[in-house]
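Visitor: Okay, handing you the structure first.
The values are calculated or read from the model by the stated rules, or taken from the named source; none is laboratory data. The model shown is predicted, which means the values in this text are computed figures rather than measured ones. Neighbour counts are summed over all protein chains in view; Cβ atoms, including those assigned to glycine, are modelled from backbone coordinates with ideal geometry. The area values use the complete protein model at the heavy-atom level, side chains included, leaving out ligands, DNA and RNA. Shrake-Rupley method; radii C 1.70, N 1.55, O 1.52, S 1.80 Å.
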Amino acid sequence: MTSVELKNLLQDLAASGDGRVDVDEQQLIARIRARRRRRGALTAAVAASTVVVVAAGAYAVRPNDGIDRPPVAVTPTAKAAPAPRFGELCGKPFTAKLPAQSPLQLTVPSKVLARQLHQPFGSASTLLTNTSDSQIDLTSATAVWGILVKDDVVVAVTPGMNQAARGMRLAAGKSEGYTADIALVDCRTIKAGGDLSTGRSIGPGTYQLYVQLDLIVHAPSDPAPATTRQWTTVESGPWSVELE
Amino acid sequence: MADWEAAFKELLAVRGSALRSYAYLLTGESAAAADLVQDALLRVFTRLRVRGDVEQLEGYVRRAMLNQYVDGRRRASLWRAKRHLLVDPPAHHDEDHAVADEVRQALAVLSPKQRACVVLRYYEDLPVLEIAEQLGCAEGTVKRHLADARTKLAAQLGTTEESIR
């Protein structure tokens, strides 16, 4: 057998393999899209961590934001919430008490951090509640940021997200649900570039969960588009959650 | 549609068949070949910036496939995870398929690096120097792999080693 004959045989074998190798293009596109989204977002979060760490003191929605006055229409045109402070806390000691605020309270009714199927994420359900006796118009991020604390140190965070804004009118006493997705990877072990697969998974157990939601409360006297208004934050914690 | 997605679809439309064939030659198993192609595409297109034309992208994907294939640990773990799913390939009775099976079985006795060298040398027509660059080893190492592979293939295919230089 000559090398030419071997080449021909290899070509025949390669041709026979083409029909046998099944590549699911659509499924692959979905996987790539998800990975690019996570990777890009986490890269942004890592970049944001170089910014000054803001102290985690309590702060509230400004009390004079017009909640006693007639509401105006919400303009959900904002594209992005401000950089998350929680994302900057990876690996840092964190023992703050962040009591639920007023008039907008962010709470975590569930005590379980549910693992997502086929993804290294855990999800916690949160509720944003209007505790005042007036309706509130607001624009918020579409998801809640969260951190997990173990032994007083932040060990896992919500990776950065590219999310649109969401406008709503929250009647007095009513609540709106949000989800906090947290990467179940020890954020201290993720290598530069933000690829979650480079980090070590965090194990089952009890963690302290802190949650944070970026939003804009609309003042009727100043019905500027959301894009020009200042974002503020409601947050709470610690909430004791169990990761199975 | 994002730029990467358009590039991805164009690559699969234009060169998908060649990539699948290449993977099949390297692995010899349809399931493992599918994994190899998909993992390589995933790796290349997950990068935030996908630039280049189809030819360049194909080069990246082929390189990723080669790296993954010769990575013994990955190969071993894939095999452990999936060997229970594999069945014996069907026996072929026509002459062409019988020969293809014979070649496939002959390639199966080679080590991953020997096999990669054979595929790159005799199927891709790459010179030894370029094979060495792709595998990240010395030219002498490639020559040794090729010599060892030729000896094994000659024994398997019932021919002489000298005839396939």
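Visitor: Among B:Asp125, A:Asp137, B:Asp39, what's the order by accessible area (1.4 angstrom probe), most exposed first?
Guide: B:Asp125, B:Asp39, A:Asp137
Visitor: Check A:Val144: other-chain or 5+ apart residues with amide H under 5 Å from its amide H, H built from backbone geometry?
Guide: Amide H neighbours of A:Val144: A:Thr179, A:Ala180, A:Asp181.
Visitor: If you don't mind, there's one more thing I want to ask. Compute the distance in nm between two label points, each set 7 Å from the Cα along the Cα-to-Cβ direction, one at A:Leu127 and one at A:Arg200.
Guide: With each label point 7 Å from Cα toward Cβ, the separation is 3.8 nm.
Visitor: Compute the length gained on full extension between A:Asp12 and A:Gln116: take 0.36 nm times their separation in residues and subtract their Cα-Cα distance, giving the result in nm to one decimal.
Guide: This chain segment gains 33.0 nm when fully extended.
Visitor: Moving to a separate point now. For segment B:1-35 and segment B:100-162, what is the separation of their C-alpha centers, rounded to whole Å?
Guide: Spelled out, the Cα-based centre of one part sits 23 Å from the other.
Visitor: At 7 Å along the Cα-to-beta-carbon direction for both A:Arg169 and B:Ala2, put a label point, then send me their distance in nm to one decimal.
Guide: Simple spin-label model gives 3.7 nm for this pair.
Visitor: Using R₀ = 25 Å, calculate the FRET efficiency as 1/(1 + (r/R₀)^6) where r is the Cβ-Cβ separation of B:Val54 and B:Asp125; round to 0.05.
Guide: 0.80
Visitor: If DNA, RNA and ligands are ignored and the probe is 1.4 Å, what is the ranking of A:Trp145, A:Trp239 by accessible area, most exposed first?
Guide: A:Trp239, A:Trp145
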